[in-house]
Amino acid sequence: MWEYSEKVMDHYEHPRNVGEVQNANAVGEVGSIVCGDALKLTLKIDGGLITDARFKTFGCGSAIAAASALTEMIKGRSLEEASRITNKDIAGFLGGLPEEKMHCSVMGQEALEAAIADYRGVKKEVHKEDEGEIVCKCFSVTDQKIKRVALANNLHTVEEITNYTKAGGGCGACIPKIEDLLEEVWRGESARKAPGGRLTMVQKIKRIEEVLEEEVRPILKRDGGDLELIDVVENKVIVRMMGMCQGCHASELTTKGLVQEKLRELVDPTLEAVEDVPG
Amino acid sequence: MSQARVYLDNNATTQIAPEVLEEMLPFLRDKYGNPSSAYSFGGNLQKDLERARDRTAALFSCHPTEIVFTSCGTESDNFAIRGLVDAYPEKTHVILTKVEHPAVKNQAPYLRKKGLRVTEIGVDRQGRLDLAELAAAMDNETLLVSCMLANNETGVIFPLEEICRIAKEHGVFVHTDAVQAVGKIPLDFSRLPVDLAAFSGHKFHAPKGVGGLFVRRGLKIRPFLIGGHQERSRRGGTENLASIVGLGRAAELAAGRLGEEATRVRDLRDRLERGILRSIANSEVNGDPEHRVPNTTNVGIHFIEGEALLLALDKQGICASTGSACASGSLQPSHVLRAMGVPFTCVHGSLRFSLSTYTTPAEVDYVLETLPVIVGRLRELSPFRSLREIEAFGA
Ligand SMILES: Cc1ncc(COP(=O)(O)O)c(C=O)c1O
């Protein structure tokens, strides 16, 4: 028997925001009935604000609780704030989840990401990170997802990876491969490498430009903002916020959150984004 | 809402019968001697030990010397398989089924490591063993087929007579894990030619931590627990006398309940099962309804997940079990249901109810009132109501 917190039991017994938002403009569907849990999240986004959020879930008690908690956490929040919610935040909101059930919180975060991507119409790009190569055939988990979740949650063992992503929890044939991936992720934490090996400065700047163009600017433009790349000095990426973003009290969050996260994820995990404040 | 406990998980374990407890108590209080001792305070207890053996043998229509007491069903299964494998090192092949309890199933890696070949025979959609596959798997290296009598999850009974006949034709020994059959269906080892059979006290109203192995007279087998001369040197260790006495009494009670009482339990089970199928759309029975122990039903409830069901039932005081992955922490649904090819729409939503002689009609009615409400609530939450919705999901 699982030891669920009172909050988990409360959300399981009295789930909030069940159903589907009428005229939703953001829909995220993740998981599958084959794997044993699935979540459909529907949102109404209005002027950059999540005005309504509802869910339907197929899954165990903690999957239901995590989905219910997620809707509570994002309702009334700006997209910007919501997009920074992690699986750890969901588990924390519930007063913790049993380790073996952490994948329920990961599913919540993924549904939110999928819904936001759907809203932004960049489904393909945002999901690119999870394309990669399928490592765990039983639960269709890719190497990219394993690496991403390992980094985000500081996971070092196969067991932890299984708890958070299910990978390795089926036939177990992929366990050696997961070990290799963990080795790759944590090998000499100091000497972190960008995906695809070390980049020259020219390559790095090109990649940064690409990422800003494809991954960041479309998002800012939705909210009437924009940004410009000013310079790259060692690992500092200097950007200038423009349009609605300029002088916005959340621009610092945008730089650190969105810009830096994307650059770290897709170019080099040691990059730092700094805002160039015009004098 | 009533909060009395309704215990319908008797395949997991059972309550100790009051008559059993009564007979055990003196052995936990005053009669604490060691049956191996030379003085009467201990030595006289041999009589109680042998009486328990007689009563157990009577349930199986076998000779008392064919009963070896052990600590549990798991030990008995280990004893049977390893004891036989060690006694016949020249034989290199063992056959199991895909639906064995972990007490048998998880010996496969051990046997393989020892250099043996292990073949696991499959079942059909109803959980019936593929006898043709079984016969085809036997060759002259085959030592043993270990095949459960009744399945703990579905209650499906394997045709052991037929299996023995096939095995004997090939000179292969038969061990049966009878843990879930004892006390539920008649067992007659004077007619059924199995070589070994495992049983466990706590599945038929004796305490936990006592079981036994039927070993046919003349069978060559190595002890599993090597030690003193107890159990005619086949199982070392000072006897757990109080529990063995309890097991003997439970065997006697079980023998008296195989007739009319089994029919009463079967009728209750059928009433529960029919009621569920009638009141819950998209539900179906997992397992061959014709060849099943009378106390067990396993129903697949489509589009919802089993652990969520159990949590809700628990809130209403109902104890049942599920083959869902989430309840066990294994991430994979039950290996039994997977071996049967239960569709993915309900493999995560299986519920097992297992009744006992103490189950009442009122308890069954209470479940029938409660379950549809719970299922309705969880289906409201589910994104799936049909195969079409499943196919469209995430596309
Ligand atoms: C079919 C079967 N075999 C073996 C066992 C193991 O018995 P024990 O719990 O006494 O070790 C069980 C108990 O769950 C069982 O159902």
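Filter the stretch B:284-309 for residues that are within 14 Å of chain A (Cβ to nearest Cβ) and closer than 30 Å to B:L258 by Cα and give the result.
B:G300
Consider B:L371 carefully, then state whether it is more than 18 Å from the chain's Cα centre (by Cα), away from every other protein chain (no Cβ under 14 Å), open to solvent by less than 10 Å² (accessible area, probe 1.4 Å) and modelled with pLDDT of 95 or more.
yes
Whether any residue in the stretch A:26-45 is away from chain B (no Cβ under 13 Å) and among the hydroxyl-bearing types (S, T, Y) is what I want to check.
No: the stretch A:26-45 contains no residue that is away from chain B (no Cβ under 13 Å) and among the hydroxyl-bearing types (S, T, Y).
So how many residues does the stretch B:166-194 have that are touching a Lys or Arg at 6+ places or on another chain (Cβ under 7 Å) and surrounded by fewer than 24 Cβ atoms within 10 Å (Cβ to Cβ)?
Qualifying residue count for the region: 1.
Just give me the residues in the stretch B:303-330 being open to solvent by 20 Å² or more (accessible area, probe 1.4 Å) and over 22 Å from the mean Cα position of the chain (by Cα), in sequence order.
Answer for the stretch B:303-330, where residues must be open to solvent by 20 Å² or more (accessible area, probe 1.4 Å) and over 22 Å from the mean Cα position of the chain (by Cα): B:L311, B:D314, B:K315, B:Q316.
Across the stretch B:95-135, what is the total count of residues that are assigned to a loop (DSSP other than H, G, I, E, B), in contact (Cβ under 8 Å) with a residue 60 or more places away in the chain and touching a strand residue (DSSP E or B) at 6+ places or on another chain (Cβ under 9 Å)?
Residues meeting the conditions: 8.
With the condition kept exactly as written, say whether any residue in the stretch B:199-218 is out of contact with any helix residue (DSSP H, G or I) (no Cβ under 6 Å at 6 or more places or on another chain) and without any contact (Cβ under 8 Å) to a residue 60 or more places away in the chain.
yes
A:G95 versus (1) more than 13 Å from every other protein chain (Cβ to nearest Cβ); (2) within 21 Å of B:A312 (Cα to Cα); (3) crowded, with 22+ Cβ neighbours inside 10 Å: which is the lone unmet condition?
(3)
Each row is one residue, and each column tells you yes or no for (1) within 13 Å of chain B (Cβ to nearest Cβ); (2) assigned to a strand (DSSP E or B); (3) at positive phi.
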{"residue": "A:V8", "(1), (2), (3)": "yes, no, no"}
{"residue": "A:P15", "(1), (2), (3)": "yes, no, no"}
{"residue": "A:N23", "(1), (2), (3)": "no, no, yes"}
{"residue": "A:I50", "(1), (2), (3)": "no, yes, no"}
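Please state which of the following conditions B:F224 fails to meet, knowing it meets all the rest: (1) under 18 Å from the mean Cα position of the chain (by Cα); (2) within 14 Å of the ligand (Cβ to nearest atom).
Result: B:F224 fails condition (1) only.
Determine whether B:T65 is closer than 24 Å to B:P186 by Cα and either within 16 Å of the ligand (Cβ to nearest atom) or not assigned by TED's automatic domain parsing to the domain that holds B:G246 (or both).
Spelling it out, it is not the case that B:T65 is closer than 24 Å to B:P186 by Cα and either within 16 Å of the ligand (Cβ to nearest atom) or not assigned by TED's automatic domain parsing to the domain that holds B:G246 (or both).
Filter the stretch B:299-338 for residues that are within 21 Å of B:P289 (Cβ to Cβ), in contact with a helix residue (DSSP H, G or I) (Cβ under 8 Å, 6 or more places away or on another chain) and part of a helix (DSSP H, G or I) and give the result.
Correct list: B:G306 only.
Could you list all residues from the stretch A:39-48 that are assigned to a strand (DSSP E or B) and in contact (Cβ under 8 Å) with a residue 40 or more places away in the chain?
Across the stretch A:39-48, the qualifying residues are A:L39, A:K40, A:L41, A:T42, A:L43, A:I45.
Sort through B:A362, B:A281 and tell me the only one that's surrounded by fewer than 22 Cβ atoms within 10 Å (Cβ to Cβ), away from chain A (no Cβ under 12 Å) and not in a helix (DSSP H, G or I).
It is B:A281.
Could you tell me whether the stretch B:196-210 includes any residue that is more than 16 Å from the ligand (Cβ to nearest atom) and either under 17 Å from the mean Cα position of the chain (by Cα) or not in a strand (DSSP E or B) (or both)?
No, the stretch B:196-210 contains no residue that is more than 16 Å from the ligand (Cβ to nearest atom) and either under 17 Å from the mean Cα position of the chain (by Cα) or not in a strand (DSSP E or B) (or both).
Within the stretch B:164-195, count every residue that is within 17 Å of B:A57 (Cα to Cα) and either without any contact (Cβ under 8 Å) to a residue 12 or more places away in the chain or away from the ligand (no atom under 13 Å from the Cβ) (or both).
11
Could you check the stretch B:27-50 and list, in sequence order, the residues that are in a helix (DSSP H, G or I) and either open to solvent by 50 Å² or more (accessible area, probe 1.4 Å) or not assigned by TED's automatic domain parsing to the domain that holds B:G212 (or both)?
Within the stretch B:27-50, B:L28, B:R29, B:S40, B:F41, B:Q46, B:K47, B:E50 qualify.
Only one of these conditions is not met by B:L272: (1) within 21 Å of B:V123 (Cβ to Cβ); (2) crowded, with 22+ Cβ neighbours inside 10 Å. Which number is it?
Going through the list (1) within 21 Å of B:V123 (Cβ to Cβ); (2) crowded, with 22+ Cβ neighbours inside 10 Å, B:L272 breaks only (1).
For the structure I just gave you, tell me whether B:M138 is more than 11 Å from the ligand (Cβ to nearest atom) and in contact with a helix residue (DSSP H, G or I) (Cβ under 8 Å, 6 or more places away or on another chain).
yes
Could we say that B:I226 is among the hydrophobic types (A, V, I, L, M, F, W, C) and surrounded by fewer than 17 Cβ atoms within 10 Å (Cβ to Cβ) here?
So B:I226 fits the description; yes.
I'm trying to understand the selection: among the residues of the stretch A:208-246, which are modelled with pLDDT of 85 or more and among the β-branched types (V, I, T)?
Once the filter is applied, which keeps residues that are modelled with pLDDT of 85 or more and among the β-branched types (V, I, T), the stretch A:208-246 yields A:I208, A:V211, A:V216, A:I230, A:V232, A:V233, A:V237, A:I238, A:V239.
What number of residues within the stretch B:195-223 satisfy the criterion of being surrounded by fewer than 24 Cβ atoms within 10 Å (Cβ to Cβ) and on the phi > 0 side of the Ramachandran plot?
2
Scan the stretch B:344-359 residue by residue and report those that are in contact (Cβ under 8 Å) with a residue 12 or more places away in the chain and either part of a loop (DSSP other than H, G, I, E, B) or open to solvent by 10 Å² or more (accessible area, probe 1.4 Å) (or both).
Hits for the stretch B:344-359 are B:T345, B:C346, B:V347, B:H348, B:G349, B:R352, B:L355, B:S356, B:T357, B:Y358, B:T359.
Looking at the stretch B:69-126 only, could you name the residues that are away from the ligand (no atom under 16 Å from the Cβ) and within 14 Å of chain A (Cβ to nearest Cβ)?
B:P109
The values are calculated or read from the model by the stated rules, or taken from the named source; none is laboratory data. Not measured: the values here are computed from a predicted model. Reconstructed Cβ throughout: ideal geometry from the backbone, glycine too, with neighbour counts over all protein chains shown. Quick note on the areas: whole protein, heavy atoms, side chains included, nothing else; ligands and nucleic acids left out. Shrake-Rupley method; radii C 1.70, N 1.55, O 1.52, S 1.80 Å.
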